[in-house]
1. Within the set of pairs 6+ apart or on separate chains, which have a first residue in the range 152-167 that is farther than 20 Å from ASP277 by Cα and in the same structural domain as ILE82 (by TED's automatic domain parsing), a second that is among the polar types (S, T, N, Q) and more than 7 Å from ligand 1 (Cβ to nearest atom), and C-beta atoms under 8 Å apart?
2. Does the range 296-325 hold any residues that are out of contact with any helix residue (DSSP H, G or I) (no Cβ under 8 Å at 6 or more places or on another chain) and basic (Lys, Arg), and which are they?
3. Given the criteria in contact with a Leu (Cβ under 6 Å, 6 or more places away or on another chain) and either more than 30 Å from HIS275 (Cβ to Cβ) or outside any loop (DSSP other than H, G, I, E, B) (or both), does ALA22 qualify?
4. When you scan the range 41-57, do you find a residue that is touching a residue at least 40 places away in the same chain (Cβ under 8 Å), within 9 Å of ligand 1 (Cβ to nearest atom) and under 25 Å from the mean Cα position of the chain (by Cα), even just one?
5. Only residues that are farther than 19 Å from HIS358 by Cα and part of a loop (DSSP other than H, G, I, E, B): list them for the range 368-385, please.
6. Would you confirm, using the coordinates I've provided, whether PHE413 is in contact with a strand residue (DSSP E or B) (Cβ under 6 Å, 6 or more places away or on another chain), closer than 17 Å to PRO389 by Cα, assigned by TED's automatic domain parsing to the domain that holds SER345 and of a type in the set (Phe, Trp, Tyr)?
7. Give the residues of the range 60-104 that are in contact (Cβ under 8 Å) with a residue 12 or more places away in the chain and of a type in the set (Gly, Ala, Ser), sorted by residue number.
Amino acid sequence: MKRNILCIGAGYVGGPTMAILAQQCPDRRITVVDNNAARIAAWNSDTMPIYEPGLEEVVKSCRGRNLFFSTDVARGIAESDIIFVSVNTPTKTFGQGAGCAADLQYWEKTARLILQHATTDKIVVEKSTLPVRTAHAMSRILHSGASAVHFEVLSNPEFLAEGTAIADLTRPDRVLIGGADTPQGRAAVAELVALYGAWVPPERILTTNVWSSELSKLAANAMLAQRVSSINALSALCEATEANISEVARAIGMDSRIGPKFLKAGVGFGGSCFHKDILNLVYLCDSYGLTEVANYWRQVVILNDYQQSRFVGAMIRAMFNTIADKRIALLGFAFKADTGDTRESPAIRITRLLVEEHARVVVSDPRALDNARKDLADLGDRVLFEPDPYAAAVDADALVFLTDWREYQALDFTRLLPRMRRPAFLFDGRRFLDHDALFRLGFNVHPIGSPPLSHLDN
Ligand code: NAD
Ligand code: UGA
């Protein structure tokens, strides 16, 4: 008999991963539960709670057949055999490790819920990103009750990126499964391998011990973020020396040992995970007394913050050392294109820095304006929100591009320019526009990572 699957946590990971599992394994019954009733209602409606290209089609093809969304966590636990835990693990904001360690309260409460409602043996799969050795703590909580129920804890971190989640899940570079080297551990790993084997080629399914699996997730994110910080560090040097970061990235990326991906300079990495996972790694290193290692990784985050303040500093200098009372149209608030997610988006910090300088900021974004309104709620009417970029540009001194939406490449800049005050500035924080063409149109163009193209005397 095929065993029932439950996922606790219906967020950016739980929803899409289970939708693909349901699509690829039509003979499995998969339930996704969450204690956020509004989120579950959205998963059951025509409007998905998150924007992710292709997701809606997959959900609609499986929902009600073998994919179910519910708030009944207790029942879900009782009726399932394999439980994926995909709850949030944000950075702790209080007490010991505040600002660095992972806040494990949601994960810990979930473990206790599983213990409370389980009456049969379960495989419990860590899908959330967790500090190394969390599986050990989870196993201890799960076995702290009086019952004889056995829980086998596996680590199966998720590597999907937002905006490309459906492709990443359908054709993953690898699936990583960590389990204990015991008869029960090996059996549980084999069961998860068989589950993914329905659509993932065997050579892409990697099995390791639990701790390697947990650490590999933090390490992968740290290495990816480190590449972004490395290229951004070089972008500062390019601006100072008339080198061009796109040319440098191309030249170094053609070395097959380095490779071309993740070498795009910009206003820095955002998203819910890079920042928190590196800080989590830093905290782990510090707690094992590895100060130099901790400091090495900490620098990746410091450089990322620097890139944003450097970008704002360059704007102020270009605009005659004052942006007070100037209208700045900030185009793109999502942390990357093809998502409405704004968690840790560089746009949040950049907007705040601009407001501190008393600029009048107008934020526009094709998908992320609702989240932007929440992120900046405390700024009140010091920030305006405008879905139409052409309206945002009216009387603006500068257009500032912070997300590389394809829609923005298709903007009619000959319509935008006449609406703006002169001299008109354009700051490309993602290096995705045609700078020469914009300069010829009359913009003073300031791309991150290469010298400005200016009509003004220096
Ligand atoms: P999220 O905040 O979007 O979703 C987590 C969900 O868990 C929320 O809806 C919350 O209500 C629910 N939840 C928390 N405690 C619960 C409980 N006790 N019972 C029921 N539901 C509960 O988070 P996310 O972005 O999906 O990330 C989840 C985990 O996956 C994190 O550890 C994250 O680091 C990791 N991850 C995220 C991504 C990504 O792209 N967002 C990618 C890979 C890994
Ligand atoms: C990232 C990882 O790519 C996923 O493998 C991982 O599963 C996920 O984090 C996670 O653990 O949450 P995600 O944050 O969704 O995925 O998006 P990325 O494509 O990695 O982009 C992250 C940030 O880096 C974005 O702000 C993006 O604009 C920036 N970036 C990326 C650059 O500035 N330059 C690049 O070359 C690449």
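1. GLU152/GLN184; VAL153/SER139
2. Residue satisfying the conditions is ARG317 alone.
3. Spelling it out, ALA22 is indeed in contact with a Leu (Cβ under 6 Å, 6 or more places away or on another chain) and either more than 30 Å from HIS275 (Cβ to Cβ) or outside any loop (DSSP other than H, G, I, E, B) (or both).
4. Taking the range 41-57 and keeping what is touching a residue at least 40 places away in the same chain (Cβ under 8 Å), we get 50-55.
Next, from what is left, pick out any that are within 9 Å of ligand 1 (Cβ to nearest atom): 50.
Then keep just the ones that are under 25 Å from the mean Cα position of the chain (by Cα); that gives 50.
Yes, the range 41-57 has at least one match.
5. ALA368
6. Values: in contact with a strand residue (DSSP E or B) (Cβ under 6 Å, 6 or more places away or on another chain): no; closer than 17 Å to PRO389 by Cα: yes; assigned by TED's automatic domain parsing to the domain that holds SER345: yes; of a type in the set (Phe, Trp, Tyr): yes.
No: the conditions fail for PHE413.
7. SER61, SER70, ALA74, GLY76, ALA78, SER80, SER86, GLY97, GLY99, ALA101, ALA102, listed by residue number.
The rows are residues; the columns are (1) within 16 Å of ligand 1 (Cβ to nearest atom); (2) over 23 Å from the mean Cα position of the chain (by Cα); (3) free of Cβ contacts under 8 Å to residues at least 40 places away in the same chain.
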{"residue": "PHE311", "(1), (2), (3)": "no, no, no"}
{"residue": "THR322", "(1), (2), (3)": "no, yes, yes"}
{"residue": "PHE333", "(1), (2), (3)": "no, no, no"}
{"residue": "ASP341", "(1), (2), (3)": "yes, no, no"}
{"residue": "VAL355", "(1), (2), (3)": "no, yes, yes"}
{"residue": "VAL362", "(1), (2), (3)": "no, yes, yes"}
{"residue": "ASP378", "(1), (2), (3)": "no, yes, yes"}
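The values are calculated or read from the model by the stated rules, or taken from the named source; none is laboratory data. Here the structure is a predicted model, which is why all the values come from computation and not from measurement. Cβ: placed from backbone, ideal geometry, glycine included. Neighbour counts: every protein chain shown.
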